[in-house]
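Read through the structure below, which is laid out as structure tokens, and then see the notes.
Any read-out appearing in this document is the output of simple, stated calculations on the displayed coordinates, not a laboratory observation. Computed from a predicted structure; not experimentally measured. Note that we place each Cβ from the backbone using ideal geometry, even for glycine, and neighbour counts take in every protein chain shown.
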Amino acid sequence: MILEESYTLSNGVEIPKLGLGTWFISNKDAEQVVKEAVKIGYRHIDTAQAYRNESGVGDGVRNCGVKREELFVTTKLDAGKKSYQEAAVSIDNILENCSIKPMVNQILAHISNTPEELIQYTKEKDILVEAYSPIGHGELFKNEKIKEMAEKYNVSIPQLCIRYDLQLGLLPLPKSENPEHIKSNAEVDFTISKEDMEILKNMEAIEDYGAASIMPVYGGGFDLKSIISYIFQRIASIFR
Ligand SMILES: NC(=O)c1ccc[n+]([C@@H]2O[C@H](COP(=O)([O-])OP(=O)(O)OC[C@H]3O[C@@H](n4cnc5c(N)ncnc54)[C@H](OP(=O)(O)O)[C@@H]3O)[C@@H](O)[C@H]2O)c1
């Protein structure tokens, strides 16, 4: 089962192959979500300063009943370097000037947006690639071709997306605050055939990330007008 599998980082540390994403989980809910995920078997939680839920995640980690040393927690400083060139320059800079080598590189990587060159480059440096937004921030539910492929394997769209990243040797971080989703996202013990992996790799590029397209993590500029429009769309989605 994937929850019992791990990658070995180049410094010998074991990192669980599947992590729970927590972006957009409120600080108030984060403790409970983390506890649920740990109960299901997750041992790897991804948070960030920018998610404003680090303390809730921390409460979950402290109160989940599993020893801290058995849990892998990732957090991140805010970052703005997103293009291939900027990322490559940053990585080279770290490699040349730091005594401690980076162990992981977290990048946007999912069906319909697979930056193969960057993945290859990062792997060549012996750095594990973590895939953020493995379900395209939820946008991949709208892709009919992905839906058809998921049906072919009799799995859900998130399961197909997670399996796809795993078969590329990446560490996916699917976000969910729904215990049923968290559980089913770890049920990925199936294999996508070589031919289908190629089809998924070459799938037409995703056009946008819906309301979230304005976010710098999807290449957006985050200007004031977009922020206001985004806030309205988020409020509207709550009442939908
Ligand atoms: N380093 C970075 O710059 C960066 C950027 C973006 C994200 N991240 C990390 O990557 C994580 C994942 O990315 P993401 O949050 O953008 O999105 P994602 O994991 O691609 O998709 C999350 C969406 O899919 C839904 N979902 C998940 N599993 C589902 C299931 N089994 N059935 C139905 N719906 C399901 C979630 O809703 P429910 O909650 O209702 O299940 C949510 O709406 C983040 O939470 C964060 O930890 C990092």
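State the extension gain, in nm to one decimal, for the chain segment bounded by ILE231 and ARG68, taking 0.36 nm per residue of separation less the distance between their alpha-carbons. Mind showing how you got there, number by number?
On the way: separation 163, 0.36 × 163 = 58.68 nm, distance 3.60 nm.
Difference between extended and current length: 55.1 nm.
Figure the gain on full extension for GLU180 and PHE239 (residue separation times 0.36 nm, minus the Cα-Cα span) and round it to one decimal in nm. Mind dumping the intermediate values first?
Numbers: separation 59, 0.36 × 59 = 21.24 nm, distance 2.24 nm.
Net length gain for the segment: 19.0 nm.
Mind listing the phi-derived Karplus ³J(HN,Hα) values for region 58-74, rounded to whole Hz, using 6.51, -1.76 and 1.60 with θ = phi - 60°, and x for any glycine or proline?
Karplus values, whole Hz, x for Gly and Pro: x, 4, x, 5, 5, 10, 7, x, 10, 4, 3, 5, 8, 10, 9, 10, 10.
At a Cα cut-off below 21 Å, give the lysines reachable from LYS194, other chains included and same-chain residues fewer than 8 away excluded.
Once the sequence-local lysines are set aside, what remains near LYS194 is LYS17, LYS123, LYS145, LYS147, LYS152.
7 Å from Cα along Cα→Cβ at both LYS39 and SER99: what's the point-to-point distance in nm?
Placing both labels 7 Å along Cα→Cβ, they lie 4.5 nm apart.
Can you sort HIS110, HIS137, HIS181 from fewest to most other Cβ atoms within 10 Å of each residue's own Cβ?
HIS181, HIS137, HIS110
Provide ASP59, ASP46 in ascending order of the number of other Cβ atoms located within 10 Å of each residue's Cβ, fewest first.
ASP59, ASP46
What shape does region 40-153 take by its C-alpha gyration tensor, where a ≥ b ≥ c are the square roots of the eigenvalues and a/c under 1.5 counts as rounded, a/b above b/c as prolate, and the rest as oblate?
Cα axes put region 40-153 in the oblate bin.
Would you kindly state how much longer the chain becomes between ASN202 and GLU116 on full extension, computed as 0.36 nm times their sequence separation minus their alpha carbon distance, in nm to one decimal?
Here the answer is 29.9 nm.
Once you order the gyration tensor axes a ≥ b ≥ c over the Cα atoms, which shape class does the chain get: rounded for a/c under 1.5, otherwise prolate or oblate by comparing a/b with b/c? Please list the in-between numbers first.
Details: a/c = 1.07, a/b = 1.02, b/c = 1.04.
In terms of gyration-tensor shape, rounded.
Based only on other Cβ atoms within 10 Å, what is the fewest-to-most ordering of SER26, SER237?
Ranked by crowding around the Cβ, least crowded first: SER237, SER26.
Give me the one-decimal nm value for the distance between modelled label points at LYS147 and MET1, 7 Å along each residue's Cα-to-Cβ direction.
Rounded to a tenth, the inter-label distance reads 3.1 nm.
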